[in-house]
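The values are calculated or read from the model by the stated rules, or taken from the named source; none is laboratory data. These numbers come from a predicted model, not from an experiment. Reconstructed Cβ throughout: ideal geometry from the backbone, glycine too, with neighbour counts over all protein chains shown.
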Amino acid sequence: MLSKIQGLLEEIKGLQAASAQELEELRIKYLSKKGRVNDLMADFRNVPNEQKREIGMKINELKTAAQDKLNALRQALAVREDDGLDALDLTRTPYPAPIGTRHPLTIVRNRIINIFSRMGFTLADGPEVEDDWHVFGAMNFADDHPARDMQDTFFTDQNAGILLRTHTSSVQSRVMEQVQPPIRVICPGRVYRNEAISARAHCFFHQVEGLYIDENVGFTDLKQVMLTFAREMFSPETEIRLRPSYFPFTEPSAEMDISCQICHGDGCSLCKGTGWLEILGCGMVHPNVLKLNGIDPEKYKGYAFGMGVERIANLLYRVRDLRLFSENDVRFLEQFTTAY
Ligand code: DAH
C-alpha cells in the first residue's frame, strides 16, 4: 500500500498541462470522486488497524500534494496566457472611463461663434458687473427708460451706478472706446435680469451680441448676414422675416423671425400657428450711439444684433424648462453630443 501511494505521488509530481482542458482532465483523473486518489480509500479499508494511522496520513499528504500540483499548473497556464502578444495592454484603462459632454449652451454658443468667425467676425468681451454708462448711457437709453428700473436690473448695494449687465450690448460700447472702425465683433456672455425664476424665465441667461461698423454699411448687409446665419444655424431652407421694432441703440430696429423648423410656415404648435419663430433683435446702430462712443456718425455706419443662446438652444433641442440649463443634472446634460 505504501509503495502504491509513493508511486502515485511520483506520478503526480511529474504531471504537465498545456491547456485548461488538459488541466481539467487531470483533476478528474486524480482528484474527483472516482479519481485515483479516492480509489486508494477502497484499499484503505483492508489495511490492518495498527497501520491505519500511518497510511491515513500518507494518503492525506498525497491529496494535498495533488491539489498543490494542480494549483501550480493552473497558475502557470494563466501566466502563459498573459504572455500572449496582445494579452497585456498597458495602455488600457482598468474600467470604462466616463467621458464628459459639453453643456448644450456651450455647444450652441460655439456654433454661433463658428458661423460668425467664418464671416470675419472676431470675439470681444466685457465685464458682467458693469457700470450704468456702458449698459445704458452709452447705448442711448433715456434717463427714465424703464430698463433702468430696480424691477428689471440688479444693482449693487454699495456702489451707485454699478450693476449686473442686463444685455451684452454693453460690450459694443467697450469695443468702440478701444478701437476705431472697421469693427466686426461678436460678444458672447452672461446677462442678468431681475425676473422670477420659472420654466420660461430666469434671473440670468446668455446672449451673443454682434457689431459691425464701417463706411457704407447698409441694412441689406445686415439682412444678408442674418440670412446666412439663420441658414447655417438651422437649415439651408430657412427663411427670415424682419419686423419693425424699437431699441434705443438702433434705428431702424427690427426683430427677426425664422421660418418654423417644424411646419416650415404652415402653422403648428411650436410657432403657435404663425409659421414664424422669433430669434433675435437687430438694427442699424443709432448715430447717437456712435457719437457717444467716439465714432464719427457722418463717416461711419453700422449694424448690430443680439440673440439669446437659450432661445436658440430651445429651438434646436426643444428643451421645455429653462431651469434645466443651470441645474447641472447629468441625466439632462449627457443627452447632448456634438463635435463642437
Ligand atoms: N440688447 C437687446 C436685448 O437684450 C438685444 C439687441 C437688440 C441687441 C437689437 C442689439 C440690437 O444689438 O441691435 O434684448
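Would the stretch 254-268 turn up any residue that is within 12 Å of the ligand (Cβ to nearest atom), farther than 20 Å from F121 by Cβ and either at pLDDT 95 or above or surrounded by fewer than 19 Cβ atoms within 10 Å (Cβ to Cβ) (or both)?
Yes - at least one qualifying residue is present in the stretch 254-268.
Would you call R231 surrounded by 15 or more Cβ atoms within 10 Å (Cβ to Cβ), of a type outside the set (V, I, T) and away from the ligand (no atom under 14 Å from the Cβ)?
yes
Residue under question is G306, and the condition is that it be touching a residue at least 12 places away in the same chain (Cβ under 8 Å), of a type in the set (G, A, S), surrounded by fewer than 21 Cβ atoms within 10 Å (Cβ to Cβ) and touching a Gly at 6+ places or on another chain (Cβ under 9 Å); does it hold? Before you say what the answer is, go through the steps one by one.
On the way: touching a residue at least 12 places away in the same chain (Cβ under 8 Å): yes; of a type in the set (G, A, S): yes; surrounded by fewer than 21 Cβ atoms within 10 Å (Cβ to Cβ): no; touching a Gly at 6+ places or on another chain (Cβ under 9 Å): yes.
Against the criterion (touching a residue at least 12 places away in the same chain (Cβ under 8 Å), of a type in the set (G, A, S), surrounded by fewer than 21 Cβ atoms within 10 Å (Cβ to Cβ) and touching a Gly at 6+ places or on another chain (Cβ under 9 Å)), G306 does not qualify.
Across the stretch 167-209, which residue is nearest to the ligand (Cβ to nearest atom) among those that are basic (K, R) and closer than 22 Å to T153 by Cβ?
Ranking the qualifying residues of the stretch 167-209, first place goes to R193.
Looking at A138, A142, A66, which is the one that is part of a helix (DSSP H, G or I), under 25 Å from T166 (Cβ atoms) and hydrophobic (A, V, I, L, M, F, W, C)?
Criteria check complete, one pass: A138.
Please pick out the residue among E298, E327 that is in the same structural domain as H206 (by TED's automatic domain parsing) and more than 18 Å from the chain's Cα centre (by Cα).
That would be E298, the only listed residue that is in the same structural domain as H206 (by TED's automatic domain parsing) and more than 18 Å from the chain's Cα centre (by Cα).
Yes/no per residue for (1) crowded, with 16+ Cβ neighbours inside 10 Å; (2) over 11 Å from L73 (Cβ atoms):
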| site | (1), (2) |
| --- | --- |
| I5 | yes, yes |
| I12 | yes, no |
| A17 | yes, no |
| E22 | no, no |
| V37 | yes, yes |
| M41 | no, yes |
| N46 | no, yes |
| N49 | no, yes |
| K52 | no, yes |
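Inspect all residues belonging to the stretch 197-220 and state whether any of them is free of Cβ contacts under 8 Å to residues at least 60 places away in the same chain and within 27 Å of R241 (Cβ to Cβ).
Scanning the stretch 197-220, I find at least one residue that is free of Cβ contacts under 8 Å to residues at least 60 places away in the same chain and within 27 Å of R241 (Cβ to Cβ), so the answer is yes.
For the stretch 291-310, enumerate the residues that are over 30 Å from L322 (Cβ atoms) and touching a strand residue (DSSP E or B) at 6+ places or on another chain (Cβ under 7 Å).
Hits for the stretch 291-310 are I295, Y300, K301, G302.
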